[in-house]
Structures are given as structure tokens and as C-alpha cells.
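Enquirer: Take a look at this one; I'll ask things after.
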Amino acid sequence: MALCQVKSLKYLGSIVNGNNSIEEEINGRISLGNKPFYANQDLFKSKLLSKKSKLRMYQTLVRPIVTYPCETWVLKENIKSKLRVFERKVLRRIHGPTKESDGTWRIKSNYELNRLIGNKNVINYIKTQRLAWFGHVHRMPDNRIVKKYMSGHPRYQDH
């Protein structure tokens with residue numbers, strides 16, 4: 001049986017590569033997040049649903065797909081930017097344009113969108129998930145392999 005060397009592979013739904021970059025993973029996650037967003041585009045545009053319901057749809061249908069393995073991500077600025085751009089696209093669809101006093105319409109600013117969602121943006125969500133994972137690992141018994149790796153003592157010992 002021969003082993004082949006690959007540049008990247010998909011393992012448990014997450015892309016793993018040799019240079020420890022998550023660029024490919026993020027692009028794939030955003031593409032996967034676009035599918036439920038566009039599949040439900042009629043609902044996101046609908047005037048029959050409240051903005052609160054649409055936001056809830058985003059938070060339960062789209063965001064978990066985009067952030068699936070986020071507990072292990074290293075968030076560099078370019079990654080944060082890609083995630084924010086994706087989320088703002090969805091939020092602008094949910095909240096729609098703003099009518100000015102002179103009758104003209106404009107898209108909502110990034111600040112306005114962040115205020116509308118109560119600062120519960122995708123980056124803060126990822127940070128919350130990472131903190132929850134840290135707490136989960138911290139509560140594990142010391143003999144668990146994940147805890148050993150996290151504490152910097154990954155040596156395997158036979159019992």
C-alpha cells in the first residue's frame with residue numbers, strides 16, 4: 001500500500017493543509033454558507049417575516065455552517081475581513097436600505113449594522129465559541145490527550 005502526499009485534505013468537514021493556513025477553509029465555509037442563504041433568499045427578502053425572525057434564521061441556518069470548526073481558527077485580519085464582509089452582505093439583505101429625510105435611499109453603514117445586531121457579530125461569536133471550547137478542555141481530566149496537547153505535554157505514555 002502506497003501513501004500519497006497531498007497539499008490539503010478534507011477531514012471531518014474541515015480542510016487541513018501542510019502550511020497550517022485556513023484561507024482555503026474560510027473560502028470553502030463562506031461558499032457553503034452562501035448555499036442556505038441563497039436557497040432561502042425569498043424568505044430573507046420577504047416583508048411578511050420580521051427582521052428579528054430573519055436574523056434568527058441567519059444565526060441558526062447560515063452562521064453555524066460558516067463557523068463550523070471555528071474553535072481552532074487563528075483569526076488574522078484578512079480572515080476577519082472576509083467573514084465580516086460575508087455577514088454584512090446577509091445583514092444588509094435582512095435590514096434593507098435606509099430612507100433619508102430627503103426621500104433618497106442608502107445602504108446601512110457597517111456601524112449601523114453592528115448596532116442593529118447588538119455587537120453580536122461573527123467575530124465575537126467565534127471568540128465566544130473558542131472560549132467555550134477552552135473551558136471544555138480545561139475541565140477535562142489531566143489524562144485526556146486533548147488536555148495534554150493544550151498544556152504543552154503531548155508525550156504519549158503506555159499504561
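Enquirer: Angle, helix 122-138 long axis vs. longest principal axis of the chain, Cα atoms, 0 to 90°, nearest 10?
Expert: Rounded to the nearest ten degrees, it is 30.
Enquirer: Moving to a separate point now. Between Asp42 and Lys99, what FRET efficiency comes out of the Förster formula 1/(1 + (r/R0)^6) with R0 = 30 Å and r the beta carbon distance, rounded to 0.05?
Expert: FRET efficiency, Lys99 to Asp42: 0.85.
Enquirer: Now a separate question. Per 5 Å bin from zero, what fraction in whole % of the C-alpha pairs of the stretch 23-78 is there, up to the bin with the longest pair?
Expert: Going from the shortest bin to the longest, the percentages are 4, 18, 25, 20, 14, 11, 6, 2.
Enquirer: Taking the radius of gyration and the Kirkwood hydrodynamic radius from Cα positions alone, what is the Rg/Rh ratio for the chain, to two decimal places? All intermediate terms of the calculation are to be shown ahead of the outcome.
Expert: Numbers: Rg = 20.0 Å, Rh = 18.4 Å.
My calculation puts Rg/Rh at 1.09.
Enquirer: Report, to the nearest 10°, how far helix 23-39 tilts away from the longest principal axis of the Cα atoms in the chain, using its own Cα long axis and a range of 0 to 90°.
Expert: The answer is roughly 40 degrees.
Enquirer: Would you calculate a helix-derived [θ] at 222 nm for the chain, using -39,500 (n - 2.57) for each DSSP H run of n ≥ 4 and dividing by the full residue count, to the nearest 500? Don't jump to the answer; show the numbers that get you there.
Expert: On the way: 8 runs with 83 residues, N = 159.
Calculated from helices alone, the mean residue ellipticity at 222 nm is -15500 deg cm²/dmol.
Every read-out reported here was derived from the displayed coordinates using simple, explicitly stated rules and does not represent laboratory data. For clarity, every value in this text was computed on a predicted model and none was experimentally measured. Methodologically, a virtual Cβ is constructed for each residue, glycine included, from the backbone with ideal geometry; neighbour enumeration extends over all protein chains shown.
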